[in-house]
Each structure stands twice: as structure tokens, then as C-alpha cells.
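Novice: Sharing a structure with you now.
The values are calculated or read from the model by the stated rules, or taken from the named source; none is laboratory data. Bear in mind that the values here come from a model prediction, so they are computed numbers and not experimental data. Note that we place each Cβ from the backbone using ideal geometry, even for glycine, and neighbour counts take in every protein chain shown. Heavy atoms of the whole protein, side chains included, go into the accessibility calculation; ligands, DNA and RNA do not. Shrake-Rupley method; radii C 1.70, N 1.55, O 1.52, S 1.80 Å.
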Amino acid sequence: MSERIWRAEVELTVSFHDCDPMGVVWHGNYFRFFEVAREALLRSINYSYGEMTASGFVWPVVDTRVKYRQPLRCEEVIRVEASITEYENRLRIDYVIRNAANQITTKAHTLQVAVDAASQEMNFVSPDILFERLGVKP
């Protein structure tokens, strides 16, 4: 795999509806933050969800891992970074959330696999279109 890193970062403000009665972000809402960063990352390589579908593939998330280090609170400004760290056989995207003090509050990753939209068969090697969008050779 190449040493090149594909990365995107978004800035978000934690909304009231993201928080639980204790005033911290409910753990399940972090996945929405990851999704916003993942969409920005995929758009940056010209392979948005619409482009994925047009290329004949869907990329379901098949596994995820989250490490919550510090809570996030209502109206807190956060930065969510997403980076592609694996792409040959699956798409692994790593996430880091930082608070306004630049402290890492959360680390996570998702794994996605390419599924042929027509046959619904999972690919064991990423399709050529991903390599093309990343600017690397298979």
C-alpha cells in the first residue's frame, strides 16, 4: 500500500438534540459525526455515495470500533478528521475527533466492503474505480 494518506476534516458544533439527559453527546450520535467527515473525504476523491452507486457498487459498513476518551457537550465546537488507511481489499476509514482545545476526545474506524449492486455479491478485492479515484495502481 502507498504511503499516501487521504484525509478530510470538518468542523461541527454539537447540537442540543445530540445530547443525553446528562448533557453529554449520546454514544450513538458519534456515528453521525463520522458520517459527515466520511462524506467530505469521499467527495474529496470524487467518489461520493452517488458516484459509488453510478459505478455499480455499494459500500456497506461491516465493522466499526470507537474509543471514547472524553465526553463532548452541547454547543461544543469539534473537528472530525477522516482518513483512508486501507483500500486494497476493503475500505478502512479512521476518525479522530478533537475539541476546541485540540485534545483528542474520540478515535474510531469503520470498515466497508464493495458489493456489486447488480448481483449483490461482495468483492474480495476493491474495484478498479476506487484505485482510479485514489490515483493508485491496483
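Novice: Using modelled backbone amide H atoms (1.01 Å from N, in-plane), which distant-in-sequence or interchain residues come within less than 5 Å of Asn123's amide H?
Specialist: Ala114, Val115, Asp116
Novice: How large is ³J(HN,Hα) for each residue in region 12-22, as worked out from phi by the Karplus curve 6.51 cos²θ - 1.76 cosθ + 1.60 (θ = phi - 60°), to whole Hz, x for Gly and Pro?
Specialist: Karplus-based 3J(HN,Hα) across region 12-22 equals 10, 10, 5, 8, 4, 5, 7, 9, 8, x, 7 Hz.
Novice: Only helical DSSP H runs with n ≥ 4 go in: add -39500 (n - 2.57) per run for the chain, normalise by residue count and round the 222 nm mean residue ellipticity to 500 deg cm²/dmol.
Specialist: Calculated at 222 nm, the ellipticity per residue is -6000 deg cm²/dmol.
Novice: In whole Hz and in residue order, list the ³J(HN,Hα) couplings for region 72-81 that follow from phi through the Karplus curve 6.51 cos²θ - 1.76 cosθ + 1.60, θ = phi - 60°; x for Gly and Pro.
Specialist: Residue by residue, region 72-81 yields 9, 10, 3, 6, 6, 8, 10, 10, 10, 9 Hz.
Novice: Right, something else. Could you list which residues have their amide H under 5 Å from that of Cys19, counting only those 5 or more apart in sequence or on another chain, with H placed in the peptide plane?
Specialist: Answer set, sorted by chain and number: Trp26.
Novice: Turning to a different aspect of this structure: With a 1.4 Å probe and every protein chain kept in, tell me what percent of the accessible surface of region 1-135 is carbon plus sulfur.
Specialist: 51
Novice: Assuming 0.36 nm per residue, please report the length gained on full extension of the stretch Val10 to Ser48 beyond their Cα-Cα distance.
Specialist: In short, 12.1 nm is gained.
Novice: A further question on this structure: Need one number: nm distance between label points at Asn89 and Phe124, each 7 Å from Cα along Cα→Cβ, rounded to one decimal.
Specialist: Label at Asn89, label at Phe124, 0.9 nm between them.
Novice: Per residue Cα convex hull volume for region 88-138, in cubic angstrom?
Specialist: 109
Novice: Report the FRET efficiency, 1/(1 + (r/R0)^6), for His27 and Ala101, where r is their Cβ-Cβ distance and R0 is 25 Å, rounded to 0.05.
Specialist: 0.70
Novice: How much net charge surrounds Phe16 when only other residues with a Cβ under 13 Å from its Cβ are counted (Lys, Arg +1; Asp, Glu -1)?
Specialist: -3
Novice: Whole-Hz ³J(HN,Hα) for each residue in region 49-63, computed from phi via Karplus 6.51 cos²θ - 1.76 cosθ + 1.60 with θ = phi - 60°, x for glycine and proline: what do you get?
Specialist: Karplus values, whole Hz, x for Gly and Pro: 4, x, 5, 4, 4, 5, 7, x, 10, 10, 10, x, 6, 10, 7.
Novice: Can I ask one more? Can you pull a Stokes-Einstein diffusion coefficient for the chain at 25 °C (0.890 mPa s), Rh from Kirkwood over Cα pairs, as a whole number of µm²/s?
Specialist: 155
Novice: Also: Over 21 Å apart: what share of the alpha carbon pairs of region 43-116 falls there, rounded to a whole percent?
Specialist: Across region 43-116, Cα pairs with separations above 21 Å total 38 percent.
Novice: To one decimal place, what Kirkwood hydrodynamic radius in Å is obtained for region 3-71 from all pairs of distinct Cα atoms?
Specialist: 14.3
Novice: Long-range amide H contacts for Thr105: which residues qualify at under 5 Å (H placed 1.01 Å from N, peptide plane, sequence gap of 5 or more or a different chain)?
Specialist: So Thr105 has HN proximity to Ile97, Arg98, Asn99.
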